[in-house]
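Down below is the structure, laid out as structure tokens.
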Amino acid sequence: MAQLTAVLASTHHPFYYQATTSPPQERPPFAAEWQRKVEAYRETLTAARPDVLVMVGADHFHQFFLDNYPQFLIGRAERYDATFYNEEREFGLPKYVLDGDVELSRYLHEGLLERDFDFSFSHELKLDHSIICPIITVRPEADLPVVPIYTNIFAPPLPSPKRFWQVGRAIREVIDAYPSDLRVAAIGTGHLSLELGGPRQFGEHGPDPEFDRNAIEWLATGNVDAILENVTHESMAGAGNATHGFMDLLLMMGIAGDGVQADYVDELDLFHTREMYMTWYPNGAPA
């Protein structure tokens, strides 16, 4: 059977690439510390020696809009183009072409359907920065095939936090049952408290530091009961209008397992958001 060697969950910040590759005189003052933290986080994936990456993100209204926005979708393509023009223009992100693992995509899709999770699918999915940001931060070589999974964190009505947790648990079941000797890593990105286009976007820190502290503690300790008791669509909206991306981090905790402590936790308080980096090793830390 396949071996799930690592589960990674982090925030994704599209300006990381530009902040750390610009000429030194143009970099923000926090760039060096940010780069150190990201490179340390990258080692948690490298140590797991994965053969394929199952990647969880969300489309930022690039390919999907209000006329057709799936709640959950899996890519089933041989290759995936990235990125979109505005991401190149605004964030300086480079273009990528990532190989897909069609067989694992098919197996995951069918396994999720058998477990009553009705995923949409796409053979022509183009990837945006929710997938490309973690490629840049933890696998800049972009040399591994991917299975992209998209969730709806933007277009109401949204699935519940509990549903995200359940999807994560189901993904774990299907990966564990995959009849292969592949070493699989699951990587997902989302948000802590975040405001986009609102009055709290450019504060000295994230819009709700208390939410951020609690969220990191709950994720790191595997305390799903506290999350499901305290985190609702309304409470996330109160913490910042884009905080619903936290549900993708909850999904990743679901893949890691109920009550499982994270093996690696780090964070960085930037001027308008708190970055978080977390890794679980389901089969024990690599030697």
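No value in this document is a laboratory result; all are computed from the given coordinates. Remember, it's a predicted structure, so these values are computed and weren't measured experimentally. Every residue, glycine among them, receives a Cβ derived from its backbone with ideal geometry; neighbour counts consider all protein chains shown.
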Dipole of region 3-280, positive end: most advanced residue of Ala239, Ser105, Phe84 [Cβ charges, Cα centre]: Phe84
Span from the region 201-256 Cα centroid across to the region 95-127 one, whole angstrom: 26 Å
For q = 0.10, 0.11, 0.12, 0.13 Å⁻¹, what log10 I(q)/I(0) does the chain give under the Debye formula with an equal point scatterer on each alpha carbon and no solvent? -0.47, -0.58, -0.70, -0.83
Convex hull volume per residue in cubic angstrom - Cα atoms of region 141-247: 146 Å³
Considering the Cα trace of region 32-154, what is its radius of gyration and what is Dmax, both in angstroms? 14.9, 47
Using the Cα centre of the chain as the reference point, and only Cβ charges (+1 on K/R, -1 on D/E), how large is the resulting charge dipole? Debye, rounded to the nearest 20. 180 debye
Derived scalar couplings ³J(HN,Hα) [region 52-63; Karplus, 6.51 cos²θ - 1.76 cosθ + 1.60; whole Hz; x for Gly, Pro]: 8, 10, 8, 10, 10, x, 8, 7, 8, 6, 8, 9
Please work out the ratio of the alpha-carbon Rg of region 90-214 to 2.2 N^0.38 Å and round it to two decimals. 1.23
What is the Cα radius of gyration of region 19-66 over 2.2 N^0.38 Å, N being its residue count? 1.66
List the lysines whose Cα lies under 30 Å from the Cα of Lys162, skipping any in the same chain that are fewer than 8 positions away. Lys126
Please compute the modelled spin-label separation between Ser160 and Glu39, points set 7 Å along Cα→Cβ, answer in nm with one decimal. 4.5 nm
